[in-house]
Amino acid sequence: MTMNAVLDKPVDSWHWLGFPPGYEDSMRFPGTREQIAQACLEAVRNSRFGVRRSDLAGGWVEARTRVTFRSYGENVRVWVDDENQVHVTSECAFPLTIIDWGKNRWNVRRVLANLTMILGGPY
């Protein structure tokens, strides 16, 4: 599966309403795409998210957070583009979630913080 196939994921029927809530951020890191993709996988594991599937050659990882008292879990996607820019998105797994209480933002920042510890600071 290619990165485009991951990005072209079919839109759920609730997205036009703004559901479920989500958050996205990106950073550029030094190194080759393969090194960064491997670091992304390690960062997701260090974040204690369950890796659902990944393609290091394609430069992407999909993970899922645990169900907690704050949420029904979130789907986290991490991918590296051709310019070594790492994109991280987090979206509530339950489509009718109205408020995420900052959990998606926390997930994205946690992955990026772990990536910064592994690869050094962004450039």
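The values are calculated or read from the model by the stated rules, or taken from the named source; none is laboratory data. In this text, all values refer to a predicted model and were calculated from it rather than measured experimentally. Using ideal geometry, Cβ is built from the backbone for each residue, glycine included, and neighbour counts are taken over all protein chains shown.
For the reader, a short list of remarks on this structure follows.
- Test: residue in the stretch 47-68 that is of a type in the set (Ser, Thr, Tyr), within 17 Å of Ile118 (Cα to Cα) and surrounded by fewer than 14 Cβ atoms within 10 Å (Cβ to Cβ): no
- Whichever residue in the stretch 59-76 is at pLDDT 90 or above and β-branched (Val, Ile, Thr) and, among such residues, is nearest to the chain's Cα centre (by Cα): Val76
- Wholly within the stretch 55-123, strands (runs of 3 or more DSSP E) carrying at least 2 residues that are polar (S, T, N, Q) and under 15 Å from Arg33 (Cβ atoms): none
- Arg105 vs. criteria of a type in the set (Lys, Arg), modelled with pLDDT of 95 or more and in contact with a strand residue (DSSP E or B) (Cβ under 7 Å, 6 or more places away or on another chain): no
- Residue satisfying all of: in the stretch 77-102; closer than 18 Å to Arg52 by Cβ and small (Gly, Ala, Ser); modelled with the highest pLDDT among these: Ser90
- The set of residues in the stretch 104-121 being within 18 Å of Pro21 (Cβ to Cβ) and crowded, with 20+ Cβ neighbours inside 10 Å consists of Asn104, Asn107, Val108, Arg110, Val111.
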